[in-house]
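Structure, as structure tokens:
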Amino acid sequence: VYSDNCGVVTLTWAMTGATTGNSSNTGINLVNGQTFNVGITTVTYTAYDAAGNNVSCSFIVWIKNLNAPQFHADCPLSPVSVNAGANCNTFVNVPGPIITNPCNELYTVTNTSPYKTSDADASGTYPPGTTTFTWTITDASGNITTCTQSVTVTDNLAPTLVCPGDQEQEIINGGCDLSNIVIPNPTFSDNCGVVTLVWETEGATVLSSPATGINYVSGQTFNVGITTVIYTAIDAAGNISICSFTVWLKNLDDPPFTATCPANVLQPSEPNVCGATVLVPAPGIFNPCNEAFTVTNDSPYDDDDASGFYPVGVTTIHWIITDASGNVTPCTQTVTITDLDPIITCPADQTYNADFEQNYASGIDPGTPTYSDNCGISSLTWVSSAPTPGSGTGVMTTSVFYVGVTTITYTVTDINGHSSTCSYTITVLSEPEITCPTNINTTTDPGQCSATLNPGGPTLISGVEPIDWVYTIRDEGGNILASDHCTTANLATCIGSFTFPVGVNTITWTATNISGVDDCIQTVTVVDDEPPTIILPTAPSFCVVDIFSAVYDGQPEPDADIVPESPFIQPPFISSWRRPDWYILNGTTELDITATDNCCTNYGISWVIQFAGNDAAQPDITGTGQPSTYGPIVLWGTPLNVELTHTITYIITDCNGNVLPPVTVNILIKPRPEVIKQ
């Protein structure tokens, strides 16, 4: 309804809202009869008067349609997830939902996000975490549709945490710890803020801080050695960052870190293997502050214990002990595994008969030794002795062995140079062949008619045991002096000291075995080279023979003398002699001797009497045998009243031709008194 003082000249209408967009959005006069869309359409009338004055009024036309607009996707709407940025609260683009509106009905969209930019757009700056809100669609028909949606902002940025550098400090009071230690604090930050900073230590010092709040390690008590400090920063989202550094607390005044190296190990190899399992304990360690340390060695086994299997030889183990203060203590240990000697076993001894009428046996298998070694064999060699000498490597293949006992010696040598030997014999039976000792020429023992000596024994050239040895000793006349049996072992001493008489003695040696007999002869010639001894007569003294009657010869002095009245008797005298100035021995023993000899009971005597003055008228008298058997011996005196000294020289020869050097005895002839005529 409308009116005007001057009268309305024009009435128009216009539609907005659900019907907006139709071809007839405006018109004159009344709107009745127009086509309206589903939804709320606002109809605005405007009345104009002739003067151009106008006035408007509106009303709505709500065409309801039960097929209201709907969210395009199923509810709840897809969540939106983003990572937080550097400033923690993050702008998130959250566009309005897609709506299905088959009738193009007018509607409104709103949301309950506290961080939205507008009702139709939930974009905005969201904090970390999940924000859940509700979208609401209200159509022109009054239908309301709701749906939830979430926006999740994830803080995945870890805090920034920077520890101080490694710290070194010293204890100068000789203790094992340092209290109220001053250590720089770490620096940290986070896009959303660090809510917890905690620390813990390991190594020389084991500590931990409270589990919440901001905590620093400075001011704690640290032990000597290297302590690792580990800081952990945690933000509200639970993101963590870790950093660490070391605090090396050195104790320079403390006793030095010492270690005792294990003793060297000397151990034989185990059988059948080239080495041995050895127990090698770790070094003994003196650690006054219980400082952390490491022990290493360059053996192929554990650092803490070098026990294990070691090969033959010398293995050097270098131990290194490093404490937390950086002190390094080395030591050297040796593990010596001595090799075992090889094992070798020879065949058993063998005995064969010689080939017929030959000095050897053929077709012999010498046998093969058995041998082994824990580390390996380097060589096998053999040596055979006379009478079948030889040598070689490997196994002996000789098949011909000569008469006698051949000793075969095998030597096995391992790869480490250790050797073992074994021996066995191959005996070829045959008759003995012997040689006697050298003939002996000797002289009698002093004062004896014999020589006592050991003549020795024969040498066995060939021939096999058992051998029966027999000796027979005969003197020069063939008489048996001794005979007995011997063994090969005592040949040299079997006869022993034996007394051999003067002459050529023979020793016949006979060796007998199952194959035959051999003998040899040795001579022992004993020569008597000892002359006899003599007992001389006491130097005799004789007065000239008596005159029983005499006559004056009529000569004046000084030639006056007496002449015996009776005729001179034998021996003949010189006619110029005036009286008998002599002494006659005839069968008496005054000049006889006594002789002894080591061998002889008879001996030869020769003698010579030499007269004083060497007067040709008184020649020497020589004879053999005792002087008493010679006959009358005239020992001349002198007409003068003086004594004469004659000599008799004896030469004694024993039955073996030994001559006693000449010995001389003086013979004193005393004169008769001189008679002077008055």
Study note, to complete from the structure: Flagged in the stretch 344-371 as part of a strand (DSSP E or B), modelled with pLDDT of 95 or more and surrounded by fewer than 17 Cβ atoms within 10 Å (Cβ to Cβ), in numbering order, are 345, 370
Practice item. Output yes when any residue across the stretch 315-334 is under 30 Å from residue 429 (Cα atoms), assigned to a loop (DSSP other than H, G, I, E, B) and under 35 Å from the mean Cα position of the chain (by Cα), and no when none is. Key: no
Practice item. Identify all residues within the stretch 193-211 that are at pLDDT 90 or above, open to solvent by 40 Å² or more (accessible area, probe 1.4 Å) and either over 24 Å from residue 157 (Cα atoms) or not in a strand (DSSP E or B) (or both); write none if there are none. Key: 202, 206, 207, 208, 210
Review point. Any residue in the stretch 293-307 that is closer than 30 Å to residue 426 by Cβ and out of contact with any Pro (no Cβ under 9 Å at 6 or more places or on another chain)?
Key: no
Check your understanding: Restricted to the stretch 485-496, and to residues that are assigned to a loop (DSSP other than H, G, I, E, B) and in contact with a strand residue (DSSP E or B) (Cβ under 9 Å, 6 or more places away or on another chain), which residue is least open to solvent (accessible area, probe 1.4 Å)?
Key -> 495
Check your understanding: Is it the case that some residue within the stretch 224-237 is at pLDDT 90 or above, open to solvent by 20 Å² or more (accessible area, probe 1.4 Å), under 23 Å from residue 322 (Cβ atoms) and not acidic (Asp, Glu)?
Key -> yes
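Conditions tested, residue by residue: (1) among the small types (Gly, Ala, Ser); (2) loosely packed, with under 12 Cβ neighbours inside 10 Å; (3) free of Cβ contacts under 8 Å to residues at least 12 places away in the same chain.
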site: 3; (1), (2), (3): yes, yes, yes
site: 9; (1), (2), (3): no, no, no
site: 31; (1), (2), (3): no, no, no
site: 44; (1), (2), (3): no, no, no
site: 59; (1), (2), (3): no, yes, no
site: 68; (1), (2), (3): yes, no, no
Practice item. Would you check if there is a residue in the stretch 274-285 being assigned to a loop (DSSP other than H, G, I, E, B), open to solvent by 40 Å² or more (accessible area, probe 1.4 Å), in contact with a Cys (Cβ under 9 Å, 6 or more places away or on another chain) and closer than 24 Å to residue 203 by Cα? Key: no
Practice item. Identify, by number, the condition in (1) at pLDDT below 75; (2) assigned to a loop (DSSP other than H, G, I, E, B); (3) over 21 Å from residue 591 (Cβ atoms) that residue 569 doesn't meet. Key: (3)
Review point. Regarding residue 31, is this residue under 17 Å from residue 137 (Cβ atoms) and assigned to a loop (DSSP other than H, G, I, E, B)?
Key: no
Point to revise | strands (runs of 3 or more DSSP E) wholly inside the stretch 602-650 that include at least 2 residues being in contact with a Ser or Thr (Cβ under 9 Å, 6 or more places away or on another chain) | key: 603-610, 621-624
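So that you can scan it fast, the table gives a plain yes or no per residue for (1) in contact with a Pro (Cβ under 6 Å, 6 or more places away or on another chain); (2) over 30 Å from residue 110 (Cβ atoms):
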residue: 132; (1), (2): no, no
residue: 136; (1), (2): no, no
residue: 194; (1), (2): yes, yes
residue: 202; (1), (2): no, yes
residue: 218; (1), (2): no, yes
residue: 222; (1), (2): no, yes
Point to revise | Listing of strands (runs of 3 or more DSSP E) fully contained in the stretch 76-122 that carry 2 or more residues being farther than 30 Å from residue 39 by Cβ | key: 80-83, 90-92
Review point. Of the residues 138, 145, 125, which single one is crowded, with 16+ Cβ neighbours inside 10 Å, free of Cβ contacts under 8 Å to residues at least 40 places away in the same chain and either under 14 Å from residue 90 (Cβ atoms) or among the hydroxyl-bearing types (Ser, Thr, Tyr) (or both)?
Key: 138
**Study point:** Check on residue 375, at negative phi, open to solvent by less than 60 Å² (accessible area, probe 1.4 Å) and touching an Asp or Glu at 6+ places or on another chain (Cβ under 7 Å)
**Key:** yes
Point to revise | Single residue of the stretch 441-484 satisfying the filter (outside any strand (DSSP E or B) and of a type in the set (S, T, N, Q)) that is farthest from the chain's Cα centre (by Cα) | key: 479
Check your understanding: Which one is nearest to the chain's Cα centre (by Cα) among residues in the stretch 412-439 that are of a type in the set (A, V, I, L, M) and crowded, with 18+ Cβ neighbours inside 10 Å?
Key -> 412
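The values are calculated or read from the model by the stated rules, or taken from the named source; none is laboratory data. From a predicted model like this one, the values you see are computed outputs, not experimental measurements. Because the Cβ atoms are built from the backbone with ideal geometry, glycine has one as well, and the counts that use them run over all protein chains shown. All accessible areas refer to the heavy atoms of the entire protein, side chains included, with ligands and DNA or RNA removed. Shrake-Rupley method; radii C 1.70, N 1.55, O 1.52, S 1.80 Å.
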